[in-house]
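Here the structure comes first, spelled out in structure tokens, and everything after it is commentary.
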Amino acid sequence: MKLTVMTQVTVDGVMQGNGHATQEERRNGFERAGWAMGRFADDTADFITRTYQSADAFLFGRRTYEMFAETWGEIEDMRSHPIGVALNNAPKYVASTTLTDPPWAGTTILSTDLVAAITELRATPSGELQVHGSGALIRWLLENDLVDEITLLVVPVILGQGVRLFPDDGPDISVELVSARPDAKGVVIQVYRPNGRPQYSPNQV
């Protein structure tokens, strides 16, 4: 099963608070939530919907899972949306050592030996395991070479604060550009495949 990541980021790499200013999105004094709302052209919104519909299963970190469960899993208008239908019908996996009673039907908690559990899912002959949001999980998956493809929806704004997708001190990863296209509102859809470690020029005197 192919493990793919899709997330929204600003030009300066922030992924925190793309939607409504919930208490979760205000953590650590964050005050600039909602930067992605209304920013997508119709074709990009359709692309996002089709991406969810193509998933055979979803993988979440705990925070994103709880936010999705309270919205896509409970609010009727969202449940009936094609994204909500896809989320509610597909198996959902949560990487968490603290969640014990998942509120969303069809959820499996992965609490021990996460590398082995995700490796087993990826060994499924076909299908797509999607990760949406879940920044801490994405960083962990990349550190452990478990990501097959990354889709970034780059919103044309520089936020200047907030949690970034890629940390200041993290693993170095070479990526292959698969495709890139802007929409009518300036959002750029960038698709990458991890491709080992970067090559560096030797030190020169």
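The values are calculated or read from the model by the stated rules, or taken from the named source; none is laboratory data. Only a predicted model underlies this, so the values are computations on that prediction, with no experimental measurement involved. Ideal geometry is used to build each Cβ from the backbone, glycine not excepted, and the neighbour counts take in all protein chains shown. Calculation scope for accessible area: heavy atoms of the full protein, side chains included, ligands and nucleic acids excluded. Shrake-Rupley method; radii C 1.70, N 1.55, O 1.52, S 1.80 Å.
Annotations for the structure displayed:
- Near residue 58: Cβ cut-off under 11 Å, other residues only, Lys/Arg at +1 and Asp/Glu at -1. The net charge is -1.
- Total charge dipole magnitude, the chain, about the Cα centre, Cβ charges on Lys, Arg, Asp, Glu only, Debye to nearest 20: 240
- Charge context of residue 189, other residues only, Cβ under 13 angstrom, K/R +1, D/E -1: 0
- Global geometry of region 42-81, whether rounded, prolate or oblate, following the gyration tensor of its Cα atoms and the 1.5 cut on a/c: oblate
- Taking amide hydrogens as placed 1.01 Å from N in the peptide plane, the amide H of residue 187 sits under 5 Å from those of 41, each at least 5 positions away in sequence or on another chain.
- Mean ellipticity per residue at 222 nm, deg cm²/dmol - from DSSP H runs of n ≥ 4 across the chain, formula -39500 (n - 2.57): -7000 deg cm²/dmol
- Beta bridges by DSSP in the chain, antiparallel share as percent, to the nearest 5: 35
- Whole-Hz Karplus values for region 139-145 come out as 4, 5, 4, 5, 4, 9, 6 Hz, taken residue by residue from phi with 6.51 cos²θ - 1.76 cosθ + 1.60 and θ = phi - 60°; glycine and proline positions read x.
- Among the GluC sites (Glu not before Pro) found in region 1-109, those both in a DSSP coil and sparsely packed, with 11 or fewer other Cβ atoms within 10 Å of their Cβ, are 31.
- q = 0.14 Å⁻¹, the chain: log10 I(q)/I(0) [Debye, one scatterer per Cα]: -0.88
- Region 37-87 - percent of accessible surface contributed by carbon and sulfur, probe 1.4 Å: 48
- Centre-to-centre separation between the Cα atoms of region 37-64 and those of region 74-148: 13 Å.
- Förster radius 30 Å - calculated FRET efficiency between residue 49 and residue 145, Cβ distance, rounded to 0.05: 0.55
- A DSSP coil position with no more than 16 other Cβ atoms inside 10 Å describes the following trypsin sites (Lys or Arg not before Pro) in region 96-189: 185.
- Three-way shape call for region 88-205 based on the alpha-carbon gyration tensor, with the a/c threshold at 1.5: prolate
- Sequence-separation-based contact order of region 70-205, relative, with Cα cut under 8 Å and 6+ spacing, percent: 15
- The residues packed around residue 84, meaning those with a beta-carbon under 14 Å from its beta-carbon, carry a net charge of -2 if Lys and Arg are +1 and Asp and Glu are -1.
- Among 154-163, 167-176, the peptide with the highest mean count of other Cβ atoms within 10 Å heads the list, and the full ranking is 154-163, 167-176.
- Karplus-derived 3J(HN,Hα), 6.51/-1.76/1.60, for each residue of region 171-187, Hz, glycine and proline x: x, 9, 9, 7, 10, 9, 6, 8, 6, 7, 8, x, 9, 5, 9, x, 6
- Whole-number percent relative contact order across region 1-93, with pairs defined as alpha carbons under 8 Å at least 6 apart: 21
- Peptide ranges 140-150, 100-110 listed from the most packed, as the mean C-beta count within 10 angstrom indicates: 140-150, 100-110
- Computed 3J(HN,Hα) for region 130-135, one whole-Hz value per residue from the Karplus formula 6.51 cos²θ - 1.76 cosθ + 1.60 where θ = phi - 60°, is 9, 10, 10, x, 6, x, glycine and proline marked x.
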